[in-house]
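Take a look at the structure set out below.
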Amino acid sequence: MAEKVLITPKSFKNYKLKAHKLLHEHGYEIIENNYGRTMTEEEIIAAAQDNVVGIIIGVDPLPSHVLEQCKSLRAISKYGVGMDNIDLKRAEELGILVQNAVGTNSISVAEHAIALMFASARHIPAVASGVKAYGWERTIGFELTNKNAGVIGGGQIGKEVAKRAVGLGMKVTIYDPYFKDQAFLDTYNVKREESLEEVLRQSDILSLHLPATEDTKGLINAQTLSWMKPTAVLINTSRGELVDEAALYDALAHNKIAAAAQDVYSSEPPQQGDPLVALPNFILTPHIGAYTHEAVERMAIVSTENLLSMLSQKDDSQ
Ligand code: NAD
């Protein structure tokens, strides 16, 4: 029986021709996600039977019990960067190789973070929908130039955001305990700060670009929000779990910070009637940071090449 590869991300279909050709050339049969949405744990288990040796995974869940039931699985290739939906420890114990598509979407996500900064500073979603309703209400905004931008996480995306913010005339500080690229700081005139509290206290715009891990979940909470300026804006294009949403609701509803704009949420889509989503100073986009033609094409090709490379490593070692 031919070995099979399950491909779950919905947007993969936009650029699948080259990727499918590569997989077929290597003799793999392809199983696609035909649900038109993120797959559930049960659907993944059902699809990943009968000689499925590889999965190209989007944000669909791969916790330990799902991995344990995918008996022939040898490699998981993340279509994108964030791997918080995969139990990496259990995958390693089971001998399943895992790799992400580093840097494939950093420009797209960085551009979206900058777009959310402008959207918040100029209230674009609210005023533009006012005009659609034939209103003409003007809300005063603020300039980004000369403002302090705090970038939390100085990896692939954080650096692209920092470069663009410098280009806009912002004063940029990175907080990242693991950051080592002094040449980047020198080249782009970016500061590095060792204290998270200090960055939060000085930032006019705070942008999150770190992974959601056991250490970082809830990084933005009642205490850290209390360090921020009442005029500050929080931008989160990373993961919903980084922010305590009840604490953010309290901060926005009581003007402890001015606004927040996110591309990610604890449950995507959010529950009906979610009070945070209803707040006028909260903007939410439907996880579109990496959803551009350019990033989708790069993610499709690189995740396919990564999967083929992992499966061939396994073949060599057998
Ligand atoms: P990356 O691995 O290149 O960078 C992450 C950085 O975070 C690293 O430099 C790391 O040292 C730093 N970091 C880790 N723990 C930290 C902490 N406690 N405090 C501060 N910094 C810390 O990853 P990336 O490509 O820049 O992506 C960042 C995140 O963006 C991903 O983990 C993912 O969750 C999210 N993402 C979102 C979208 C989207 O569509 N909205 C798309 C891609 C990635």
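For region 106-284, the spherically averaged projection of the C-alpha convex hull amounts to 10.2 nm². Calculate the length of the line joining the C-alpha centroid of region 1-71 to that of region 271-293, in whole Å. After rounding, the separation between the Cα centres reads 28 Å.
Kirkwood hydrodynamic radius (Cα pairs, Å) of the chain? In the chain this quantity evaluates to 20.9 Å. Per residue, the chain exposes an accessible area of 49 Å² to a 1.4 Å probe, with every protein chain left in place. State the percentage of accessible surface on the chain attributable to carbon and sulfur atoms; use a 1.4 Å probe and exclude ligands, DNA and RNA. Answer for the chain: carbon and sulfur cover 53 percent of the accessible area. Between the helical axis of 106-121 and the longest alpha-carbon principal axis of the chain there is an angle of about 30 degrees.
Round to the nearest 10 and give me the degree value, 0 to 90, for the angle of helix 16-25's Cα axis relative to the longest principal axis of the chain. Its long axis makes an angle of about 30 degrees. Annotation: lysines with alpha-carbon distance below 23 angstrom to Lys16 (same-chain offsets under eight excluded): Lys4, Lys78. Of the two radii for region 1-124, the radius of gyration is 1.04 times the Kirkwood radius, both from the alpha carbons; that is the Rg over Rh value. Sort region 79-209 into rounded, prolate or oblate with this rule: let a ≥ b ≥ c be the square roots of the eigenvalues of the Cα gyration tensor; rounded if a/c is under 1.5, and if a/c is not under 1.5, prolate when a/b is larger than b/c, oblate otherwise. Cα axes put region 79-209 in the oblate bin.
Dipole magnitude for region 106-284: about 620 debye, using +1 per Lys or Arg Cβ and -1 per Asp or Glu Cβ, origin at the Cα centre. Relative to the dominant Cα principal axis of the chain, helix 293-317 is inclined by about 40°. Here the label points at Ala2 and Thr139, each 7 Å from Cα along the C-beta direction, are separated by 5.3 nm in the simple model.
The values are calculated or read from the model by the stated rules, or taken from the named source; none is laboratory data. Computed from a prediction, not measured in an experiment: that's the story for all the values here. FYI the Cβ positions are ideal-geometry reconstructions off the backbone, even for glycines, and counts take in every protein chain you see. Accessible surface is based on the protein model in full, side chains and every heavy atom, while ligands, DNA and RNA are left aside. Shrake-Rupley method; radii C 1.70, N 1.55, O 1.52, S 1.80 Å.
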